[in-house]
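Just so you know, all these numbers are worked out from the coordinates, no wet-lab data involved. Everything quoted here is computed from the prediction, not taken from an experiment. Note: ideal-geometry Cβ built from the backbone for every residue, glycine included; neighbour counts use all protein chains shown.
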Amino acid sequence: MKTWATLILSGLLLSTHASAGVLDEKGCGSCHRLNAEETENSFTAPALHYAGNKFQAEWLKQFLKNPEVIRPAGFITGPEFLQAKNLPPHPSFTEEDANALTENLMGLKISEPAAVASEPLSKGLRAKIKYQFERTFGCISCHQSLNLAGKIRGGISGPSLVNAGNRLQADWIADWLKSPGTYKVKGRMPRYKMDPTTLDQFTRFLMTLKKENIK
Ligand code: HEC
Ligand code: HEC
């Protein structure tokens, strides 16, 4: 079994240009991509070079203090997957370190997604999009989400979306659904051609998935 230390060491050899500051100091770049110039496939963990576009600062801070599992099947990039299954939990940090790391992460941006509406959907529209999420587009076969009773359900091959509304920025969700290639060249998620109205409604639907609603 590989330990974090050996993973970090082997990762350090891989990461030639890491970003400056506290992310560097804490060795984040040994597993995570922190720079657009680095190539997508050399990392054992999800890309963070657009963290400032993707995440809500408060969620990042909580995650770094108290990490949660986001990809229940593990982060699969190839042979690392089996090793990843034996990994101890994500490193965690004090309040002070988590604040400094969050500030740095929020500064990592690669795009300026257009602003989108994030106000909640009406009850009727929510039911309609939930149906499409499950049936029409089959998102639920890869992503965990919440049913009307607040129970977690869904597949585990993609990142969990049960708290997408706490974790992700609405503008980024819309941009990911519209142009995933901006963020990931070789993604495993199918590419959808949604009309602008559907895209807007899916974004607002995902923003209603919140940890407060988990029963
Ligand atoms: C040994 C490898 C390793 C190191 C070092 C590491 N991480 Fe991670 N990190 C991971 C893995 C693997 C995941 C995916 C966890 C999951 O999906 O459940 C992850 C997930 C994350 C996420 C959520 C990303 C997303 O897209 O869901 C953030 C934010 C994060 N790490 C920040 C950091 C920061 C900041 C540091 C440095 C202080 C760091 N990590 C150090 C392996 C690492
Ligand atoms: C075949 C499996 C699959 C289906 C179906 C699928 N996704 Fe994904 N999705 C993924 C994977 C895997 C990722 C992680 C990025 C990657 O590897 O492409 C992802 C990433 C995401 C993300 C970003 C989450 C994050 O934390 O990075 C969102 C939001 C998302 N999908 C929404 C949807 C929606 C909405 C649908 C339906 C319209 C959908 N997905 C259908 C597999 C899937």
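In the structure shown, do any of Lys61/Lys178; Lys65/Lys211; Lys65/Lys123; Lys65/Lys178; Lys61/Lys210; Lys61/Lys193 have a Cα-Cα gap over 26 Å, and if so which? Exceeds cut-off: Lys61/Lys178; Lys65/Lys123; Lys65/Lys178; Lys61/Lys193.
The stretch between Ala127 and Lys184 holds 17.5 nm of extra length on full extension. This uses 0.36 nm per residue minus the Cα-Cα distance. Stretching the chain fully between Asn35 and Ile156 yields a gain of 40.8 nm (0.36 nm per residue, less the alpha carbon separation).
Taking 16 Å as the straight-line reach from the Cα of Lys26, the aspartates and glutamates in range (excluding those fewer than 8 positions away in the same chain) are Glu95, Glu96, Asp97, Glu103.
Taking the Cα centre of region 106-215 as origin and assigning +1 to Lys and Arg Cβ atoms and -1 to Asp and Glu Cβ atoms, the resulting dipole is close to 440 debye.
Whole-percent P(r), region 123-213, all Cα pairs, 5 Å bins from 0: 3, 14, 24, 30, 21, 6, 1, 0.
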